[in-house]
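S.K.: Here it is: the structure, laid out below.
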Amino acid sequence: MINRRNFLTTLSATVLVPAVPALAHASDTSSSPASSHSRVQLNGQWDLLIDNQLYDKITVPSSLSPIGLYSLKRSFLLPRLQAGQRAFVHFEAITYSGRLSVNGTKLGNLNSYVPHEFEITSIAQEGENKIALEISDLVPFADGGGKDDLHIGINPGWEAYGGIIRDVWVDIRPSAFIQNVSLAYQLSADYGQASCQVKAYLSSAKAGSGRVDVVLKRGAAEVARAGSNVTLQAGDTQAELKFEVKDPSLWSPEEPHLYDLVTTLQSDGAHYEWSCRTGFREFKTEGTEFRLNGKKVILNGVCRHDMWKDQGFTLTRGQQEQDMRMIKALGCNFVRLVHYPHDRHIVELADELGLMVSEEPGYWQVDFATIPKSEIELGYHLLDETIKRDWNSPSVIIWFLSNECDLTEETMRVGKERCRKLDPIARLVSVANDTNRKKAKPLFDGAGMDFYDQHPYTYNVDDFTAEAEFDGPSKPLTFSEWGGKGIGQTEKVMKGSVDRLIEMAQAGTLAGHMFWSWQDMPEFSRIDAEMRDGILESGVVTEGREPRHLVWMELERLFQLRAHEGASYSEQPELVPLRWAPWSKKNKFQPLDLQSLVEGPSGERAWSNFEKRMRKYWSVQEGWALDVSDDIPRGHWKESGGRFQLWQNNPLAVAGVGFQIPAIHGHARPIVLTPESPEVTIPVNLACERVHILGQVTFGGGFPTGGKDGEVVGSYTLQFANGKKQEVPLRNGYEVVQANLVHKASRIDPLATESQRALTYVKDSVRERYQVQLLSLPAGGSKLTSIRCQLNGEQPSLAIFAVTAEQL
């Protein structure tokens with residue numbers, strides 16, 4: 001059967017989920033017309049035709065593997081329409097492009113993911129009627145139609161599914177009825193009053209008069225009411241009503257208070273009722289923070305696709321509720337609904353369970369500078385329709401205009417303008433972004449995005465901090481994607497990422513983070529370490545919703561702001577008593593500023609070469625093959641975050657003498673000499689009795705586990721203002737030894753006779769326990785211009801942490 005993704009039973013989870021309060025109610029649609037109308041369900045068996053020949057029978061709704069071009073048809077029965085009655089066929093969603101006919105009459109086109117409705121009053125027949133939907137889900141129609149829908153909908157990012165993916169029905173309504181209702185409101189400064197404006201969108205077959213009434217209820221209690229007579233035009237009419245609500249119960253994840261908004265239209269003796277759930281809340285930005293109802297809130301979230309194993313986009317109500325309850329139980333207060341409009345019921349569940357959400361139209365890695373204007377307009381249209389569907393839901397707080405696209409300021413600005421024009425409560429607008437921050441920030445600022453966003457997929461948590469530092473204090477920053485399999489399922493890396501995110505959230509430099517992803521999903525375009533047999537295994541849970549306990553526990557910790565304690569590394573280096581006094585305490589000491597030597601281009605290149613060598617070193621130690629073109633961290637190098645990071649830098653004094661170690665992103669960063677970057681010159685320009693150098697240790701091997709005793713591996717050349725030079729050889733076992741005090745299965749004690757151990761630092765209690773040596777060189781009181789540091793040939797990397805000049 002082609003319809004292999006139609007499941008009608010609710011799958012049970014294999015995790016015990018803490019109890020969440022039962023839902024107040026769940027409805028089949030976002031608005032619930034309740035009187036003077038009836039509904040004929042069209043879910044069920046449909047014929048699938050290819051080239052107008054019956055190929056199979058399928059169940060609607062369902063998600064099909066894309067076929068290309070085909071038709072879905074069925075017959076249905078309607079009663080005789082009474083005078084003044086009207087009939088409409090309604091599709092909650094299809095994918096990806098459709099052309100609808102009823103009783104042989106062409107009615108129009110359907111786009112992806114959003115509801116569509118067509119009037120069939122003039123062609124409806126008492127008794128049997130025939131409906132046909134031509135579908136393009138892989139290739140365009142013969143005339144090119146559907147091309148834009150396919151380009152937005154089908155991409156390498158996730159598996160595509162076609163067909164009628166959500167419910168379909170026929171509504172029979174009176175001549176005049178309510179199409180939609182929007183609630184705009186303004187909360188007072190103390191949240192003690194809500195000034196409300198309701199706009200009712202009416203449709204009438206003919207001109208006439210009527211009355212619109214709005215009632216706001218909390219449970220059975222009436223909270224507010226307004227009414228107005230209205231003159232109906234033939235076609236569309238809008239009616240506006242206002243009322244006040246005193247002491248509104250505010251919606252929040254902790255207390256998701258909801259109200260019933262009931263709107264009725266009386267006309268020509270007919271009564272039509274429209275209702276939805278809604279709520280009051282204020283969500284805004286203040287500096288680098290989000291504020292919900294006046295209080296700082298961090299968006300703790302996951303990225304959810306609207307998919308289930310072997311069912312595509314078509315989930316049962318039980319599965320939808322299970323998903324959202326599990327996400328709530330994880331401790332989330334936010335769900336990023338990626339990357340296209342999800343089923344309306346997911347948003348209703350978010351309203352009722354207390355989960356903030358964002359929505360987006362379907363753009364994924366498109367170039368807005370080159371795609372056709374018609375495709376840009378289609379994306380805007382999909383977001384427009386999503387806004388109109390969900391504008392009364394308090395859970396919706398953000399409209400994301402696109403995901404990981406090549407951005408233009410114009411499309412961002414126009415997108416925000418369209419959101420502002422439609423949205424009655426002006427929700428925040430931004431883009432989910434992976435563009436380099438130097439390029440992205442001006443675009444965000446120029447287009448007026450409400451907050452910055454980035455997707456920092458990185459093993460180096462300093463990249464998190466660097467993004468916040470670059471974006472600055474003017475707007476909040478979110479990471480709307482981070483994590484994945486390589487991060488989330490590697491314990492040490494995940495712990496480090498969690499701790500840094502907690503640190504940033506507490507410091508107010510990060511306003512939200514969304515782990516990628518909530519569930520595994522098919523993605524047959526990828527072959528990398530994140531994949532297994534065509535499945536992207538990046539989820540907190542599997543496709544069938546079995547939890548991954550490491551990821552689950554670490555995200556719980558993150559959302560609760562519980563940083564790890566008792567880490568297997570040292571917070572700071574430990575000072576070691578010196579074996580002899582290298583200086584006179586009567587003299588003065590001037591630490592040299594080495595910062596420019598590590599943060600400049602040459603310093604960055606040297607550090608990059610150093611980290612590549614460290615990665616290669618661990619590959620050899622652990623016996624895994626290293627492909628120089630492969631940047632995927634493995635083994636211990638992966639567990640250490642795929643980077644070499646030392647302690648958070650603080651002022652340092654050795655035996656009472658100060659040393660100034662340079663730092664990058666707050667962490668100690670020594671000067672490193674490698675065979676690719678074998679030389680550096682340290683400016684001094686001081687009259688010195690002596691210079692004291694913290695360093696003289698090699699990383700990625702060294703003496704005594706490698707090299708020869710007394711071998712000259714490098715040199716320091718002291719250049720004086722009077723033209724004299726003094727060269728100091730750096731010899732294995734004399735001035736220089738290896739840094740690591742662990743070798744294979746043993747702790748070792750590498751010693752030098754001319755330098756002395758001054759510091760130790762535990763980077764990893766099992767494999768990385770490092771020492772730093774102090775070497776003191778006489779300068780004779782002359783003015784020392786510089787120190788030239790050089791590494792000889794193919795040697796392990798040599799580190800220089802700090803230099804202090806001793807003066808009379």
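The values are calculated or read from the model by the stated rules, or taken from the named source; none is laboratory data. As the structure is a computational prediction, the values presented were derived from the model and not from experiment. Please note: Cβ atoms are built from the backbone with ideal geometry, for glycine as well, and neighbour counts cover all protein chains shown. With ligands, DNA and RNA removed, areas are computed over all heavy atoms of the protein, side chains included. Shrake-Rupley method; radii C 1.70, N 1.55, O 1.52, S 1.80 Å.
S.K.: How do the pairs read when you match residues in segment 304-332 that are on the phi > 0 side of the Ramachandran plot and at pLDDT 95 or above with residues anywhere that are part of a helix (DSSP H, G or I) and open to solvent by 10 Å² or more (accessible area, probe 1.4 Å), using Cβ under 8 Å and keeping only pairs 6 or more apart or on different chains?
M.R.: These pairs meet every condition: 331/556; 331/559.
S.K.: Taking the conditions exactly as written (farther than 22 Å from residue 507 by Cβ, of a type in the set (Ser, Thr, Tyr) and either in a loop (DSSP other than H, G, I, E, B) or in contact with a strand residue (DSSP E or B) (Cβ under 8 Å, 6 or more places away or on another chain) (or both)), does residue 458 satisfy them or not?
M.R.: no
S.K.: Of all residues in segment 208-219, which are out of contact with any Gly (no Cβ under 9 Å at 6 or more places or on another chain) and open to solvent by 50 Å² or more (accessible area, probe 1.4 Å)?
M.R.: If the condition is that a residue be out of contact with any Gly (no Cβ under 9 Å at 6 or more places or on another chain) and open to solvent by 50 Å² or more (accessible area, probe 1.4 Å), then 209, 217, 218, 219 are the ones that fit.
S.K.: Scan segment 598-614 for residues that are among the polar types (S, T, N, Q) and crowded, with 19+ Cβ neighbours inside 10 Å and report the count.
M.R.: Summing the residues that are among the polar types (S, T, N, Q) and crowded, with 19+ Cβ neighbours inside 10 Å in segment 598-614 gives 0.
This table checks each residue for (1) in contact with a strand residue (DSSP E or B) (Cβ under 6 Å, 6 or more places away or on another chain); (2) under 26 Å from residue 257 (Cα atoms); (3) not acidic (Asp, Glu).
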| position | (1), (2), (3) |
| --- | --- |
| 321 | no, yes, no |
| 346 | no, yes, yes |
| 355 | yes, yes, yes |
| 367 | yes, no, no |
| 377 | no, no, no |
| 397 | yes, yes, yes |
| 401 | yes, no, yes |
| 414 | no, no, yes |
| 417 | no, no, no |
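S.K.: On the basis of being at pLDDT 95 or above, open to solvent by 50 Å² or more (accessible area, probe 1.4 Å) and more than 30 Å from residue 393 (Cβ to Cβ), does residue 69 make the cut?
M.R.: For residue 69, the condition - at pLDDT 95 or above, open to solvent by 50 Å² or more (accessible area, probe 1.4 Å) and more than 30 Å from residue 393 (Cβ to Cβ) - is met.
S.K.: Filter segment 660-705 for residues that are open to solvent by less than 40 Å² (accessible area, probe 1.4 Å), assigned to a loop (DSSP other than H, G, I, E, B) and at negative phi and give the result.
M.R.: 661, 662, 669, 670, 674, 675, 677, 688, 703
S.K.: Name the residue that is farthest from the chain's Cα centre (by Cα), counting only residues in segment 183-203 that are touching a residue at least 60 places away in the same chain (Cβ under 8 Å) and open to solvent by less than 10 Å² (accessible area, probe 1.4 Å).
M.R.: 202
S.K.: Within segment 401-446, can you find the residues that are part of a strand (DSSP E or B) and among the hydroxyl-bearing types (Ser, Thr, Tyr)?
M.R.: 402, 430
S.K.: Return the residue satisfying two criteria in turn: it lies in segment 537-553 and is touching a residue at least 60 places away in the same chain (Cβ under 8 Å) and among the aliphatic types (A, V, I, L, M), and of such residues it is most open to solvent (accessible area, probe 1.4 Å).
M.R.: 550
S.K.: Of all residues in segment 515-524 being open to solvent by 10 Å² or more (accessible area, probe 1.4 Å) and of a type in the set (A, V, I, L, M, F, W, C), which is farthest from residue 284 (Cα to Cα)?
M.R.: 524
S.K.: I'm trying to understand the selection: among the residues of segment 112-161, which are over 25 Å from residue 536 (Cβ atoms), in contact with an Asp or Glu (Cβ under 8 Å, 6 or more places away or on another chain) and among the small types (Gly, Ala, Ser)?
M.R.: 136
S.K.: Counting just the residues of segment 331-371 that are among the small types (Gly, Ala, Ser) and open to solvent by less than 10 Å² (accessible area, probe 1.4 Å), which one comes out farthest from residue 307 (Cα to Cα)?
M.R.: For segment 331-371, the residue satisfying everything is 354.
S.K.: How about segment 360-373: which of its residues are under 17 Å from residue 157 (Cα atoms) and in contact (Cβ under 8 Å) with a residue 40 or more places away in the chain?
M.R.: Selection gives 360, 361, 362, 363, 364, 365, 366.
S.K.: A follow-up question, please. Out of 306, 310, 268, 247, which single residue is open to solvent by 10 Å² or more (accessible area, probe 1.4 Å) and closer than 16 Å to residue 543 by Cβ?
M.R.: Answer to the selection: 310.
S.K.: Would you check if residue 556 is open to solvent by 50 Å² or more (accessible area, probe 1.4 Å), among the acidic types (Asp, Glu), closer than 13 Å to residue 332 by Cα and at pLDDT 95 or above?
M.R.: For residue 556, the condition - open to solvent by 50 Å² or more (accessible area, probe 1.4 Å), among the acidic types (Asp, Glu), closer than 13 Å to residue 332 by Cα and at pLDDT 95 or above - is met.
S.K.: Within the bounds of segment 622-641, is there any residue that is assigned to a loop (DSSP other than H, G, I, E, B), of a type outside the set (A, V, I, L, M, F, W, C), under 17 Å from residue 490 (Cβ atoms) and modelled with pLDDT of 85 or more?
M.R.: no
S.K.: Pick out the one residue from 512, 496 that is in contact with a Leu (Cβ under 7 Å, 6 or more places away or on another chain) and buried (at least 19 other Cβ atoms within 10 Å of the Cβ).
M.R.: Step by step, each of 512, 496 is checked, and only 512 is in contact with a Leu (Cβ under 7 Å, 6 or more places away or on another chain) and buried (at least 19 other Cβ atoms within 10 Å of the Cβ).
S.K.: Here is a further query. It is to be established whether one or more residues within segment 642-652 are in contact with a Leu (Cβ under 9 Å, 6 or more places away or on another chain) and in contact (Cβ under 8 Å) with a residue 40 or more places away in the chain.
M.R.: Yes: segment 642-652 contains one or more residues that are in contact with a Leu (Cβ under 9 Å, 6 or more places away or on another chain) and in contact (Cβ under 8 Å) with a residue 40 or more places away in the chain.
S.K.: Between 265, 258, which is touching a residue at least 40 places away in the same chain (Cβ under 8 Å), over 26 Å from residue 119 (Cα atoms) and among the hydrophobic types (A, V, I, L, M, F, W, C)?
M.R.: On inspection, the qualifying residue turns out to be 258.
S.K.: Here's another thing I want to ask about it. Among the aliphatic types (A, V, I, L, M), at pLDDT below 95 and more than 18 Å from residue 603 (Cβ to Cβ): does that describe residue 652?
M.R.: Taking the combined requirement at face value, the residue satisfies it.
S.K.: Please work out which one of (1) out of contact with any Leu (no Cβ under 6 Å at 6 or more places or on another chain); (2) open to solvent by less than 60 Å² (accessible area, probe 1.4 Å) is the condition residue 805 fails and give its number.
M.R.: Here residue 805 meets the rest and fails (1).
S.K.: Considering only segment 267-324, how many residues are of a type in the set (Asp, Glu), farther than 19 Å from residue 352 by Cβ and more than 20 Å from the chain's Cα centre (by Cα)?
M.R.: Here the count works out to 5.
S.K.: Is it the case that residue 83 is hydrophobic (A, V, I, L, M, F, W, C) and buried (at least 16 other Cβ atoms within 10 Å of the Cβ)?
M.R.: no
S.K.: Out of contact with any His (no Cβ under 8 Å at 6 or more places or on another chain) and either closer than 29 Å to residue 61 by Cα or not hydrophobic (A, V, I, L, M, F, W, C) (or both): is that true of residue 172 in this structure?
M.R.: no
S.K.: Those residues that are open to solvent by 30 Å² or more (accessible area, probe 1.4 Å) and not small (Gly, Ala, Ser), I need them from segment 87-110; list them, please.
M.R.: The answer is 99, 103, 105, 106, 107, 109.
S.K.: Pick from segment 129-171 the residues that are open to solvent by 20 Å² or more (accessible area, probe 1.4 Å) and β-branched (Val, Ile, Thr): which of them is nearest to residue 404 (Cα to Cα)?
M.R.: Per the criteria, the residue is 154.
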